[in-house]
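**Student:** Mind looking over this structure? Questions follow.
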Amino acid sequence: DGGITQSPKYLFRKEGQNVTLSCEQNLNHDAMYWYRQDPGQGLRLIYYSQIVNDFQKGDIAEGYSVSREKKESFPLTVTSAQKNPTAFYLCASSAPGGNQPQHFGDGTRLSIL
Amino acid sequence: GEDVEQSLFLSVREGDSSVINCTYTDSSSTYLYWYKQEPGAGLQLLTYIFSNMDMKQDQRLTVLLNKKDKHLSLRIADTQTGDSAIYFCAESNPGGYQKVTFGIGTKLQVIP
C-alpha cells in the first residue's frame with residue numbers, strides 16, 4: 001500500500017545534539033512538508049519542498065534544516081540551535097496540481113533528555 | 001493573515017449526531033478540509049469541499065459550507081466510540097504552493 005513512513009516513532013535528544021527525523025513516501029508525490037504540533041497550537045509549518053533539490057522555509061524554520069535529494073525522501077534535522085524541540089513532528093506530502101490534499105505520516109515524538 | 005478557529009472540545013453520547021464547527025478568515029480559500037487525529041497518530045484526511053460547493057455528504061459525514069459567513073461544519077451521524085479523536089479544520093488558498101492553514105483542533109469525546 002502507498003503511504004508515508006516516518007521514523008523513528010520516538011526520539012530523544014541530548015543537549016547540544018543534532019537529530020534527524022526520517023520521512024519517506026511511495027505515493028509519487030512531488031510536494032512534501034514538515035509540521036510541528038504542540039498542544040493547543042495546531043500545526044505549524046517548518047519547511048516544504050515542491051520538487052527535488054528545492055525547499056523553502058515555512059513559518060518556524062529557525063533551528064531546523066532539511067534536504068530533498070530524492071523525490072521519496074524529505075529528512076528533517078533538528079539542530080542544537082532549536083532550544084525548544086520537544087514536540088510531535090508530522091511529515092506530509094501532496095500530489096501535483098492545485099489544492100491536492102495533504103496526506104500525513106504517523107509522526108515522530110521528540111523529547112529532550 | 002489567514003486564521004482558522006475551532007472550539008476546543010465537544011462531548012456527545014454514542015448514537016447521537018456530532019456537529020463540529022469551524023470559521024475561517026481568508027475569503028480566497030479554495031478548498032476546506034477535515035482531518036481526524038487519533039492519539040499518537042498522524043492526521044487522516046476525512047473529507048474536503050471546494051469553496052463553490054454548499055454541501056458534501058460521504059456516508060456518515062456531512063460537510064456544510066456557508067461561504068458568506070466563512071463557516072464550515074462537519075456533522076457525524078450516529079456517532080460511535082471509535083469517532084473519539086481530535087478533528088482539524090483546514091483551508092488552502094491559491095499560491096505558489098499549497099499553503100494550508102490548520103485550526104487548533106476540536107477534541108470529540110463520545111460517551112458510551
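**Student:** Would you point out the residue of segment A:12-36, among those that are closer than 29 Å to B:Q6 by Cβ, aliphatic (A, V, I, L, M) and surrounded by 17 or more Cβ atoms within 10 Å (Cβ to Cβ), that is nearest to the other protein chains (Cβ to nearest Cβ)?
**Tutor:** A:A31
**Student:** Okay, moving on. Report, ordered by the first and then the second residue, all pairs with beta carbons closer than 9 Å, sequence separation of six or more or different chains, a first member in segment A:58-82 that is on the phi > 0 side of the Ramachandran plot, and a second member that is polar (S, T, N, Q).
**Tutor:** A:G63/A:T79; A:G63/A:S80; A:G63/A:Q82; A:G63/A:N84
**Student:** Continuing with this model, one more query. Among all residue pairs at least 6 apart or on different chains, which show Cβ distances below 6 Å where the first residue, located in segment B:23-35, is farther than 15 Å from B:Y87 by Cα and more than 12 Å from chain A (Cβ to nearest Cβ) and the second is of a type outside the set (K, R) and outside any strand (DSSP E or B)?
**Tutor:** Close Cβ pairs (under 6 Å, with a partner that is of a type outside the set (K, R) and outside any strand (DSSP E or B)) amount to B:T25/B:D3; B:D26/B:E2.
**Student:** Turning to a different aspect of this structure: Taking only pairs six or more apart or across chains, which ones have beta-carbon atoms under 6 Å, a first residue in segment B:55-74 that is in contact (Cβ under 8 Å) with a residue 40 or more places away in the chain, and a second residue that is of a type in the set (S, T, N, Q) and outside any loop (DSSP other than H, G, I, E, B)?
**Tutor:** Sorted first by the residue in segment B:55-74, then by its partner, the pairs are B:K70/B:T23; B:H71/B:T23; B:S73/B:N21.
**Student:** Taking strands (runs of 3 or more DSSP E) that fall entirely within segment A:37-113, which contain at least 3 residues that are hydrophobic (A, V, I, L, M, F, W, C) and facing chain B (nearest Cβ under 9 Å)?
**Tutor:** A:87-94
**Student:** From B:F50, B:F88, which residue is within 9 Å of chain A (Cβ to nearest Cβ), closer than 30 Å to A:D54 by Cα, touching a residue at least 60 places away in the same chain (Cβ under 8 Å) and hydrophobic (A, V, I, L, M, F, W, C)?
**Tutor:** None of the others qualify; the one that does is B:F88.
Every number in this text was worked out from the coordinates using simple rules, so none of it is lab data. Note that the coordinates shown come from a computational prediction; the quantities given were computed from them, not determined experimentally. As a convention, Cβ positions derive from the backbone with ideal geometry for all residues, glycine included, and neighbour counts pool all protein chains shown.
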